[in-house]
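Data first, discussion second: the structure below is written as structure tokens.
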There are 2 protein chains.
Amino acid sequence: MNNGRFAIALHILTLLDKAKGELLSSAYLAGSININSAMVRKELSNLREYGFVESKEGKNGGSILAISANEITLGEVYQSVRQLSLLGNQKNTPNPKCPVGKNINEHLNNLYNDTELVLIEQLSKQSLADFSKKFG
Amino acid sequence: MNNGRFAIALHILTLLDKAKGELLSSAYLAGSININSAMVRKELSNLREYGFVESKEGKNGGSILAISANEITLGEVYQSVRQLSLLGNQKNTPNPKCPVGKNINEHLNNLYNDTELVLIEQLSKQSLADFSKKFG
DNA sequence: TTGTACTGTAATAAAAATAATTACAGAATG
DNA sequence: CATTCTGTAATTATTTTTATTACAGTACAA
């Protein structure tokens, strides 16, 4: 992993939790996060796919949590924004003639996968509600 | 984290372990990894700072492990190449007027730090020797 | 003592990934 | 039917990462 999307997603979800069912517009969310509202809508679109939020179009529209903050773990949030492998192996094209080079990607992938599972397990110990509680 | 340096560092260290004390040149290492030898030397420079390798300049020079592969854990390798926080928070300048925005960086940092500790703990279960063994 | 084969490092350039912006069609409300 | 939203695509900008080039300095060996 490697991007700020986790922070943005979690920020959005925390704000929605605090709003307690009131619809929040992407412009409002963007104001708190201090990013562009189109970025917020893009992230909301992803969160929607994962079933974390629902949005209402049109005037007075906005977004709310689709499920309770207790039912969303930070591990799930992580997975929703995850794109690359944890330790990043964008390209990695070692020399296949070298016994190490030939096999390192396989071993690296196993290592990354195992490690990421532990990371997700750790993040999953905390729910969105737990996180949100920290904000007084 | 976020970069391919972990893979490169581990690749270098594995090759050095396999070489069993024979000096390997940056050109040779680069050939197996399939990257530029200046990149290898840069990474070797870092690994040297961490005490993992030693290099010898001049003709017939090259690098060797400075300590036993049993004494190097993958957690330490991770830490040697680590630069950003695990989940990436390059910039993140939320609105300080928002109760969530004002405090989220602190909570995020705590979360990232805790999570990274667990990740390092997990990686530290495996030594370079363990990893190297996988390559027949 | 000099040619050769290395390392060390800095400066620069290229590429890739990420983030931001702009734009506009479509939906819901009043 | 004007207004205020969302959804999404297209584009641009920025930042990060990776690669390249260059060259001084070191050590060996004839």
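The values are calculated or read from the model by the stated rules, or taken from the named source; none is laboratory data. Keep in mind that this is a model prediction, so the values were computed, not measured. All Cβ positions, even for glycine, are placed from backbone atoms using ideal geometry, and neighbour counts span all protein chains on display. With ligands, DNA and RNA removed, areas are computed over all heavy atoms of the protein, side chains included. Shrake-Rupley method; radii C 1.70, N 1.55, O 1.52, S 1.80 Å.
Here are some notes:
- Carbon + sulfur, % of accessible area of the range A:5-133 - ligands and nucleic acids excluded, 1.4 Å: 48
- Label distances, nm, residue A:42 versus same residue in remaining copies, Cβ-directed 7 Å point: 2.7
- Nearest-20 debye value, chain B charge dipole, Cβ charges on Lys, Arg, Asp, Glu: 380
- For the range B:33-81, the set of trypsin sites (Lys or Arg not before Pro) satisfying both a DSSP loop assignment and a count of at most 12 other C-beta atoms within 10 Å is given as B:59.
- A point 7 Å from Cα along Cα→Cβ stands in for residue B:66, and the other copies hold the same point at 5.3 nm, listed in rising order.
- Modelled FRET efficiency - R0 25 Å, residue A:71 with residue A:42, Cβ distances, 0.05 increments: 0.60
- 18 Å Cα-Cα reach of residue A:134 towards lysines, excluding residues that sit fewer than 8 places from it in its own chain: A:18, A:20, A:125, B:97, B:102
- Taking every protein chain into account, the accessible area of chain B amounts to 49 square angstrom per residue (probe 1.4 Å).
- Once each of the GluC sites (Glu not before Pro) sitting in a DSSP loop with at most 15 other beta-carbon atoms within 10 Å is removed, chain A keeps A:58-136 as its longest stretch.
- Only helices reaching 30 angstrom along their own axis (Cα) with mean Kyte-Doolittle hydropathy no lower than -0.5 count here, and for the DSSP H runs of chain A these are A:99-123.
- Size of the range B:5-133 as Cα extents on the principal axes (Å, biggest first): 62, 29, 22
- For residue A:130, label point 7 Å along C-beta direction: distances to other copies, nm: 2.5
- Rounded FRET efficiency, nearest 0.05, which uses the C-beta distance separating residue B:57 from residue B:109 and R0 of 51 Å: 0.80
- In this view, the solvent-accessible surface of residue B:98, computed with a 1.4 Å probe and all protein chains in place, comes to about 10 Å².
- Accessible heavy-atom area order of B:78, A:28, highest first, probe of 1.4 Å: A:28, B:78
- For the protein assembly as shown, the square roots a ≥ b ≥ c of the C-alpha gyration tensor eigenvalues yield an a/c of 1.5 or more together with a/b exceeding b/c, which makes the shape prolate.
- Label-point gap, in nm, between residue B:95 and residue A:64 - each point 7 angstrom along Cα→Cβ: 2.1
- Helix-only mean residue ellipticity at 222 nm for chain B, each DSSP H run of n ≥ 4 adding -39500 (n - 2.57), per residue, nearest 500: -17500 deg cm²/dmol
- Distance from the alpha carbon centroid of the range A:29-89 to that of the range B:1-54 works out to 40 angstrom.
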